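What follows is a set of notes on a single structure, which appears directly below.
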Amino acid sequence: MADRLAKLSTEKAVVIFTTSQCSMSHTVESLFSDLAVSAAVHELDNDPRGRDMERELARRLGRSPPVPAVFIGGKLVGSTDRVMSLHLAGKLVPMLKGAGAMWL
């Protein structure tokens, strides 16, 4: 399962793993959209191996539920709280530029 996560987490500069019922995922997706970042979004409840990936993400993040789980430049950044903290601290945009997710 780690291999599948690794492959999916690098398909775009920003990848978000979520479930269709996760309200916090909408917040994270909106933030990236407002920043003009096109993220790949994977809804784990619509993936046949989604439960296994969800367990692996929970293990990596040390929390359950693990969604939304955000990868930037192939590296696990964290969930909503971590992404918002980075944004408020002015560190998210440089991270996105470094990963090639935005240019301005």
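The values are calculated or read from the model by the stated rules, or taken from the named source; none is laboratory data. Being a predicted model, the structure only gives us computed values, none of them experimental. Each accessible area value is taken on the protein alone, full model and side chains, heavy atoms only, with ligands, DNA and RNA left out. Shrake-Rupley method; radii C 1.70, N 1.55, O 1.52, S 1.80 Å.
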Review point. Rg (Å, one decimal) plus Dmax (Å, integer) for the alpha carbons of the chain?
Key: 12.7, 38
Study note, to complete from the structure: Filtered hits (aspartates and glutamates, Cα-Cα < 19 Å from LYS7, offset >= 8 within chain) -> GLU43, ASP45, ASP47, ASP52, GLU54, GLU56
Check your understanding: How much length, in nm to one decimal, is gained on full extension between LYS97 and LEU35, taken as 0.36 nm per residue of separation minus their Cα-Cα distance?
Key -> 21.2 nm
Exercise for review: Return the aspartates and glutamates within reach of LYS97: Cα separation strictly under 19 angstrom, same-chain partners fewer than 8 residues apart disregarded; answer none if there are no such residues.
Suggested key: GLU11, GLU29, ASP34
Check your understanding: Using a probe of 1.4 angstrom, how much of the accessible area of the chain is carbon and sulfur, in percent?
Key -> 51
